[in-house]
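Scroll down for the structure; my scribbles are underneath it.
The values are calculated or read from the model by the stated rules, or taken from the named source; none is laboratory data. Only a predicted model underlies this, so the values are computations on that prediction, with no experimental measurement involved. Cβ placement follows ideal geometry from the backbone for every residue including glycine, while neighbour counts extend to all protein chains displayed. Side chains included, ligands, DNA and RNA excluded: accessible areas come from the protein's heavy atoms. Shrake-Rupley method; radii C 1.70, N 1.55, O 1.52, S 1.80 Å.
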Amino acid sequence: MSPRKSAQDELTKATIIDVARELFVTSGYPSFSMRKLATKLGCSHGAIYYHFKNKAELFYEIVTQDFLTLDQVLEDVLSTPTNSNEEKLYSILFEYIRFGLTHQPQYEVMFLIKDDEIKGYLLEAPNKSYLHFANAVAHLATKPLSPKDIWSLFIGIHGFVTHYCRTETTFEDVKILAQSHVEFLLKALK
């Protein structure tokens, strides 16, 4: 008989995060428990506590990683050569929608799960990500934009994504609508 690996060796943070994200989405933050997660992973809840001290810390780790992924999408757009700032601005809005609808479980965890216990955990990553978005939009716009203008633009793309979250709609299903929506939003900036 071969020696059994310890639970810590078998279970990675990445595995825990992937399964936990789905559980947060399907059961909501209040109903989520480390024991339910352990059952789903087929391990002891102690093995999860080896990596995360509680569900709030686990949730924070998930949200932080997901915002870093979204920020990387923005960086990729900004570093891609285009003919004009208007094209880059279009790409920022369009790729934001693509991210939200291609990664719906991540998007739901990032923006749609609310609970008093996690309010303190959800300030830094979303605010930092929004500031990155707002600065890029302000820099690329053809005319000066007020903070309210930039916020309205953000709410426009966020609303588009949340409208289709929790449906079986994929990005490809609404790609043409997304293009039209982004064009409509950009007309308002002129």
Taking the stretch 140-155 as the region of interest, how many residues are part of a helix (DSSP H, G or I), free of Cβ contacts under 8 Å to residues at least 60 places away in the same chain and either of a type in the set (A, V, I, L, M, F, W, C) or surrounded by 12 or more Cβ atoms within 10 Å (Cβ to Cβ) (or both)? 7
Looking only at residues that are assigned to a loop (DSSP other than H, G, I, E, B) and open to solvent by less than 30 Å² (accessible area, probe 1.4 Å) in the stretch 170-190, which one is farthest from His103 (Cα to Cα)? Leu189
Counting only residues that are in contact (Cβ under 8 Å) with a residue 60 or more places away in the chain and not acidic (Asp, Glu), how many does the stretch 82-96 have? 5
So which helices (runs of 4 or more DSSP H) stay within the stretch 1-94 end to end and still have 3 or more residues that are at pLDDT below 90? 7-10, 13-31, 45-49, 55-79
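Results for (1) touching a residue at least 40 places away in the same chain (Cβ under 8 Å); (2) of a type in the set (Asp, Glu); (3) touching a helix residue (DSSP H, G or I) at 6+ places or on another chain (Cβ under 6 Å), shown as yes or no for each residue.
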| residue | (1), (2), (3) |
| --- | --- |
| Leu11 | yes, no, yes |
| Lys36 | no, no, no |
| Leu41 | no, no, yes |
| Phe59 | yes, no, yes |
| Gln65 | yes, no, no |
| Thr80 | no, no, no |
| Arg98 | yes, no, no |
| Pro105 | yes, no, yes |
Condition first: open to solvent by less than 60 Å² (accessible area, probe 1.4 Å) and either within 16 Å of Phe184 (Cα to Cα) or small (Gly, Ala, Ser) (or both). Can you find one or more residues in the stretch 101-122 that meet it? no
